[in-house]
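So the structure is just underneath, and the comments pick up after that.
The values are calculated or read from the model by the stated rules, or taken from the named source; none is laboratory data. Everything numeric here is computed off the predicted structure, so don't read it as measured data. Methodologically, a virtual Cβ is constructed for each residue, glycine included, from the backbone with ideal geometry; neighbour enumeration extends over all protein chains shown. For accessibility, only protein heavy atoms count, side chains too; no ligands or nucleic acids. Shrake-Rupley method; radii C 1.70, N 1.55, O 1.52, S 1.80 Å.
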Amino acid sequence: MKVAIFSACQKHPEIGVMQELTMPFKLNAYGQRLLLWLVLSALGAVLLARSELRQLREAFETDARISHRLLSQRAVQHEAVLATLALLQPTAQPGVADTAEQRLSSVYPQILSVQRRDPGSIWPNTSLVDAENASRQTQHAALANLDFTDQLGRYQLVLAAQPSSFSLLIDMSASVPWSDWSMPVQSSPVRVTLEQAGKVFVVQPGRVTPSGWRFEFRKNLASLSQPFELVAVRQVGWLELPWGVMAVWTLLMAALMAGWSAWQRQRNARRRAEELLRVGQVERLNTLGELAAGMAHELNQPLTAILANTQAAKRLLQDDPDELPAALQAMHQAVVQARRAADVLARLRRAVEQPNAAQPSQVVDLAQAVRNALDLLAPEGKRRGVTVSVQVVQPVQVLAERVALEQIVHNLLTNALQALDLVPMSERHLSLHIEVVSGRGVLRVADTGPGIAPETLPHVFEPFFTTREGGLGLGLSLCETLATGMDGQLIAQANAPRGAVFTLTLPMAPGP
Ligand code: ADP
């Protein structure tokens, strides 16, 4: 049987089998909030990291373009110097160094020396000869004796001209315009190199880490004679991500979620208070009705007696002609008044005997009604240290008036909580059981309180019957009236081994 109950409940995981009244249906909400926080934190962290990487990339590309422009300008400057030399052919004797050529190094420190091949003379090595031939063909300066190592970057630039051809020996490291350079050369993480035919000259060492994100920029210098490829590389390591901002974001999200939770808790508490007020108001109205019904029931009998006695007195007076006709008239008035009072009470009783006549029955989920009532009383149960178990054997849809049903459950739970006040805290347990028996929806509310004495049991549904100090004795009477009004039934029994159990039976809603 236990297995059957459990497996039935597993089919409907939305219905908890064992739940603490102190926090009904709450664990899921905490889990969801935690998940939401994790997702928001991760999303924010990714966006922040991406934004940081985008900024780093933009800064890198700007620096790389500046480097490319500066080095290109220098290369073009070398071409211009050569062209000027060729144009202003030297006045010195062939083979003798011209003073203008000598002074070039002091103006352009990257130009280490100038060589000239006058007509009839030859270059000191074949590389220069080849370069001059190439220059003659291409009509622009040509490279010779390229010597690119890590530290040393030297090459010669040869321009074929008439009558004398010229060659510049250029020092690459002195060629970099450091004053205009956009990066701190020693500490910058960007590595800048110039590459030509597999040879590499390191302009700026940078810092290349093995992991992380790699930015790369490659572009030939804007010079036909020195088409070195400028390669800039920036490796962004994990440590460079904005961990501080990401942590602040995560904390902010946590604070936001906590604030949201607090706001939701407050809102729930407010809703619960409003609902309690509403239930209380309905309850008071219904209690008033029950009170009137009780009064009608109680007063009807004495009124009937008054009527009978007055009629008898009237007859006696009629039999004794000595009495004054005024007495006869007064007695007649009394009969009329008594009848009127009886009529009024009868009308009142008829009105309150069908308290839900105006409310149409509807399909109500019994477990949901129980959940609503439990939720309302959660703080009460928590304060009293009551544990609650809810067993839902199968979903039960009953045909009932929702408010009346919730009021019955609320009343039964309130009574049970009051009864549990009379036993030690560790023994306070409330169990609710929902199932279908013989085609009717059944809710059992059992407590482990002191129970109901056998001699008291037959009277608990009577109006004004109470054993509670300050009790009105109308709650159960009202519940029974409401249950009967919905074609249901409410019975009270002793709970084994102790306590009381109330069983509410209601008609099932027609199937879909
Ligand atoms: P009141 O709560 O005002 O006394 P009720 O009609 O709700 O009126 O209850 C009538 C009586 O039924 C209570 O005074 C109490 O003696 C008994 N009773 C109701 N519920 C329980 C319960 N769960 N355990 C023990 N006695 C109960």
> Which Cα, out of Ser179, Met257, Val200, lies furthest along the positive dipole direction of the stretch 134-287 (beta carbon charges, K/R +1, D/E -1)?
Replying inline: Met257
> Which value, in debye to the nearest 20, gives the size of the charge dipole of the stretch 126-237 about its Cα centre, when Lys and Arg are +1 and Asp and Glu are -1 at the Cβ?
Replying inline: 380
> Can you give me the relative contact order of the stretch 163-311 as a percent, contacts being Cα pairs under 8 Å and 6 or more apart?
Replying inline: 15
> So if R0 is 45 Å, what FRET efficiency would Arg284 and Gln318 give, r being the distance between their Cβ atoms, rounded to the nearest 0.05?
Replying inline: 0.40
> Can you list the GluC sites (Glu not before Pro) in the stretch 435-512 that are in a DSSP coil and have 10 or fewer other beta carbons within 10 angstrom?
Replying inline: Glu455, Glu469
> Kirkwood Rh, the stretch 159-300, all Cα pairs: how many Å?
Replying inline: 23.6
> Per q in 0.16 1/Å, what log10 I(q)/I(0) does a Debye calculation on the alpha-carbon atoms of the stretch 420-485 return?
Replying inline: -0.75
> Across all directions of projection, what mean area in square nanometres is found for the Cα convex hull of the stretch 105-153?
Replying inline: 4.7
>> When 1/r is averaged over all different Cα pairs and the result inverted, which Kirkwood radius in Å belongs to the stretch 367-421?
In response: 12.0
> For Trp243 and Asn268, FRET efficiency with R0 = 56 Å and r from the beta-carbon atoms, rounded to 0.05?
Replying inline: 0.95
>> Please compute the per residue accessible area over the stretch 195-255 with all protein chains in place, 1.4 Å probe, rounded to a whole number of Å².
In response: 54
>> Please compute the volume of the convex hull spanned by the alpha-carbon atoms of the stretch 245-300 and report it per residue in Å³.
In response: 36
> With the contact rule set at Cα under 8 Å and sequence spacing of 6 or more, what percent relative contact order holds for the stretch 436-496?
Replying inline: 29
> If you place +1 on the Cβ of every Lys and Arg and -1 on the Cβ of every Asp and Glu, how big does the dipole about the Cα centre of the stretch 381-505 come out, in debye to the nearest 20?
Replying inline: 400
> In Å, the Kirkwood hydrodynamic radius of the stretch 154-199 over pairs of distinct alpha carbons?
Replying inline: 13.5
> Going highest first, how would you order 418-430, 482-494 by mean Cβ packing within 10 Å?
Replying inline: 482-494, 418-430
>> Counting just the Cα atoms, what span does the stretch 392-512 cover along each of its three principal axes? Round to the nearest Å and put the largest first.
In response: 46, 31, 23
>> Relative contact order for the stretch 168-245: what percent, with Cα pairs under 8 Å and sequence separation of 6 or more?
In response: 28
> Taking the stretch 236-277 as the region of interest, what is the percent of Cα-Cα pairs per 10 angstrom bin, listed from the shortest bin to the one with the maximum distance?
Replying inline: 26, 26, 20, 14, 9, 4, 0
